[in-house]
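Engineer: This structure is in structure tokens; I'll ask about it shortly.
Rule-based calculations on the coordinates, nothing more; no lab input. The structure presented is a predicted model; accordingly, all values stated were derived computationally and were not measured. Cβ atoms come from the backbone with ideal geometry, glycine included; neighbour counts cover every protein chain shown.
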Amino acid sequence: MQQTVHLTRPDDWHLHLRDGALLRQVAAVSARQFSRALAMPNLKPPLIRVEQALAYRQRILDSLPRGNGFSPYLSVYLTDKTPLQEVSVAAECPYVLGFKLYPAGATTHSGAGVTGLDKIYPILEAMEEHDLVLQVHGEVTDPEIDIFDREKVFIERELIPVVARFPRLRIVLEHITTQEGVDFVRGAPETVAGTLTPQHLLYNRNMLLTGGIRPHYYCLPVLKRETHRQALLSAAISGNPKFFLGTDSAPHLRQHKETDCGCAGCFSAPAALELYAEAFDQAGALDKLEAFASFHGADFYRLPRNSGKIVLRRSEWTMPTSYGGEAGEIVPLRAGETLRWRLSSYPEKP
Ligand code: DOR
Ligand code: ZN
């Protein structure tokens with residue numbers, strides 16, 4: 001049985017780092033595992049301008065020990081009123097990789113998001129010209145649509161027409177959760193890729209409701225049935241460069257999860273790589289983990305692959321029941337449970 005996995009330093013291409021005290025509490029947890037991350041802009045208020053995104057980048061850096069080596073990248077939050085000139089401003093910033101499409105009302109702090117894709121067609125055209133990437137939360141918000149079908153319907157109604165209309169626009173369908181999402185990315189041109197989270201690779205929707213409601217497994221898009229999980233896993237281990245790592249680690253304080261209307265988001269950051277390793281190991285595909293975690297995303301974003309290595313060891317340990325700190329208590333994914341892999345060496349300092 002394979003006991004160790006050696007990986008080039010990986011990156012997280014979809015991460016919520018929050019702001020203020022919560023940022024200071026969680027940033028180092030991701031920086032310990034990843035070399036770079038694409039930080040999400042759904043703050044309060046959202047990062048709707050490049051200038052705000054760059055100021056946030058500095059706050060992220062300030063929240064980490066000096067010389068840490070972690071490099072955050074940003075996506076700017078699209079609204080119906082994003083000014084066209086913002087696209088050329090973004091194109092000048094090496095740390096801004098694109099714009100994030102949150103359909104208004106789809107998820108946490110998406111209230112200022114886009115109410116109709118036609119409203120941002122000029123922006124998409126300019127992004128295509130400037131070769132900026134559109135990061136997509138792919139769910140419709142139509143209340144008529146069953147929550148488990150929202151990704152599938154978004155692909156049919158919104159994404160397929162956008163790809164046809166803007167054939168050179170590079171798009172990442174983030175946190176894919178369905179067979180339809182996998183099929184869409186596979187069948188789309190080279191311009192389209194997708195990220196996969198650890199929770200969607202490891203769990204199906206039974207995890208949310210078996211033996212009681214488990215709020216710490218609730219995220220959006222919500223976990224789907226087992227056939228979908230199988231489709232995601234086969235995409236992750238396929239070696240297809242269109243699929244890569246994006247944890248969507250999304251910390252919320254315990255009291256905002258364990259309540260009558262709990263927030264969506266799984267705090268996977270403390271053991272993100274270990275969770276992916278478990279999923280790949282269960283599928284007998286540990287040899288495919290490095291490309292998924294460390295190469296495909298960097299290649300898609302046209303950034304150099306990292307240098308340096310990390311090592312994961314087969315070794316059992318127990319996830320703490322919570323992570324306390326300045327902002328409060330956060331319950332991690334797999335709290336109090338056994339993990340089978342452990343990161344045993346940390347990224348070398350550059
Ligand atoms: O579960 C989620 N949590 N999904 C998202 O799209 C947003 C995220 C958050 O910011 O909490
Ligand atoms: Zn997210």
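Engineer: Based on alpha-carbon centroids, what's the gap between region 205-228 and region 102-160 in Å, whole number please?
Structural biologist: With region 205-228 and region 102-160 each reduced to a Cα centre, they are spaced 23 Å.
Engineer: Using the 10 angstrom Cβ neighbour count as an exposure proxy, how do Ser322, Ser344 rank, fewest first? Walk me through the numbers before you get to the answer.
Structural biologist: Details: Ser322 15, Ser344 12.
In increasing order of surrounding Cβ atoms, one gets Ser344, Ser322.
Engineer: Here is a follow-up. Below 8 Å, C-alpha to C-alpha, sequence gap of six or more: please give me the relative contact order for region 80-198 in percent. It would help to have the intermediate numbers written out before the result.
Structural biologist: Values: 174 pairs, mean separation 26.6, N = 119.
Across region 80-198, relative contact order equals 22 percent.
Engineer: Follow-up. Taking amide H atoms as placed 1.01 Å from N in the peptide plane, list the residues 5 or more away in sequence, or in a different chain, whose amide H sits under 5 Å from that of Gln135.
Structural biologist: Close amide H contacts, sequence-distant or interchain: Phe99, Lys100, Leu101, Val172.
Engineer: Here's a follow-up. Sorted from fewest to most neighbouring beta carbons within 10 Å, what does the list Phe148, Phe280, Phe99 look like? Walk me through the numbers on the way to the answer.
Structural biologist: On the way: Phe148 16, Phe280 23, Phe99 29.
Least to most surrounded, the residues fall as Phe148, Phe280, Phe99.
Engineer: Please compute the alpha carbon radius of gyration of region 176-295, then divide it by the globular-protein estimate 2.2 N^0.38 Å. Two decimals is fine. Walk me through the numbers before you get to the answer.
Structural biologist: Values: Rg = 14.4 Å, N = 120, 2.2 N^0.38 = 13.6 Å.
Rg over 2.2 N^0.38 Å, computed on Cα atoms: 1.06.
Engineer: Loop-only trypsin sites (Lys or Arg not before Pro) in region 118-199, please: DSSP not H, G, I, E or B, and at most 16 other Cβ atoms within 10 Å.
Structural biologist: Details: sites: Lys119, Arg150, Lys152, Arg157, Arg165, Arg168, Arg170, Arg186; in loops: Arg168.
Here the trypsin sites (Lys or Arg not before Pro) that fit, given the DSSP loop and packing criteria, are Arg168.
Engineer: Is the shape of the chain rounded, prolate or oblate, going by the alpha carbon gyration tensor and its root eigenvalues a ≥ b ≥ c, with a/c under 1.5 for rounded and a/b larger than b/c for prolate?
Structural biologist: rounded
Engineer: Compute the orientation-averaged projected area for region 1-146 from the convex hull of its Cα atoms and round it to one decimal in nm².
Structural biologist: 11.6
Engineer: Between Phe34, Phe184, Phe166, which gets the highest mean-square fluctuation from a Gaussian network model of the chain, Cα cutoff 10 Å?
Structural biologist: Sorting by GNM fluctuation, first place goes to Phe166.
Engineer: What list do you get for Leu64, Leu253, Leu169 if you sort them by fewest beta carbons within 10 Å?
Structural biologist: Details: Leu64 18, Leu253 15, Leu169 21.
Ascending number of Cβ neighbours within 10 Å: Leu253, Leu64, Leu169.
Engineer: Right, next: Around Thr247, which amide H atoms from residues at least 5 apart in sequence, or from another chain, sit under 5 Å from its own amide H, with H modelled in the peptide plane?
Structural biologist: Close amide H contacts, sequence-distant or interchain: Trp13, His14.
Engineer: Straight-line reach from Lys309: which lysines have Cα under 26 Å away, leaving out those fewer than 8 places along the same chain?
Structural biologist: Counting by Cα, and skipping residues close in sequence, Lys309 has these lysines nearby: Lys242, Lys288, Lys349.
Engineer: Sticking with this structure for a sec: Amide H neighbours of Val192 under 5 Å, counting only residues 5+ apart in sequence or on other chains, H built in-plane at 1.01 Å?
Structural biologist: Ile171
Engineer: Can you list the HN-Hα couplings for region 181-189, worked out from phi with the Karplus curve (6.51, -1.76, 1.60; θ = phi - 60°), rounded to whole Hz and with x for Gly and Pro?
Structural biologist: In residue order, the calculated couplings are x, 4, 4, 4, 5, 4, x, 7, x Hz.
Engineer: Using Cα pairs closer than 8 Å and at least 6 residues apart in sequence, work out the relative contact order for the chain, in percent.
Structural biologist: Result for the chain is 19 percent.
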